[in-house]
Amino acid sequence: MKVNEFMSKNIVSASPDTPIVEIAKLMKEHNIGSVPVLKDNRVIGIVTDRDIVLRDVASGKDVNKVTAKDVMTSGVITASPNMDIHDAARIMAEKQVRRLPVVENGRLVGMLSLGDVAIDSKLEDDAGEALSDISKPSNMM
């Protein structure tokens, strides 16, 4: 089973200069928790709902002046559409991420979430293990 069988192909993205308020509105409108940040159609970062809260709101920054590049996580871990889904779940667990942008030839082609992995009964163990590892405390921030 490959990542492209599970990933979402309806991608919502932002540019580095997109205001955080607009990104939050996109998250609400599309019921998503992350938005990849693209420059020249290439993933340069990702903004999660957690990034907005911790790197913007909780820091006391003016939400009307902050952009994606101010709070995004760079050095994003990605998957390829032809990657085995078990390998993608393992990456999520090891890197403690719930979402992986799916990139082919440098271009964003989809998003894979832990929820996408969890809906298939054959992958319940992978999803459970990933969630367990993701939920462990880390020293990331």
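Read-outs: derived from the displayed coordinates by stated rules, not from any lab. These numbers come from a predicted model, not from an experiment. For neighbour counting, all protein chains shown are included, and Cβ atoms are generated from backbone atoms with ideal geometry for every residue, glycine included.
What the table shows:
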| read-out | value |
| --- | --- |
| Whether the range 3-134 is rounded, prolate or oblate, judged on the alpha carbon gyration tensor where a/c under 1.5 counts as rounded | prolate |
| Amide H contacts of R98 (H built 1.01 Å from N, under 5 Å, at least 5 apart or other chain) | none |
| Long-range amide H partners of G45 with built H, under 5 Å | V37 |
| Label point distance in nm, V109-S8, each placed 7 Å from Cα along Cα→Cβ | 1.9 nm |
| Karplus-derived 3J(HN,Hα), 6.51/-1.76/1.60, for each residue of the range 12-29, Hz, glycine and proline x | 9, 9, 9, 9, x, 8, 5, x, 4, 4, 5, 5, 4, 5, 4, 4, 5, 4 |
| Listed pairs K25/K65; K25/K61; K39/K69; K65/K95 exceeding 20 Å between Cα atoms | K65/K95 |
| From phi via Karplus (6.51, -1.76, 1.60), per-residue ³J(HN,Hα) for the range 53-67 in Hz, x at Gly/Pro | 5, 7, 9, 10, 4, 5, 8, x, 6, 6, 4, 7, 10, 8, 10 |
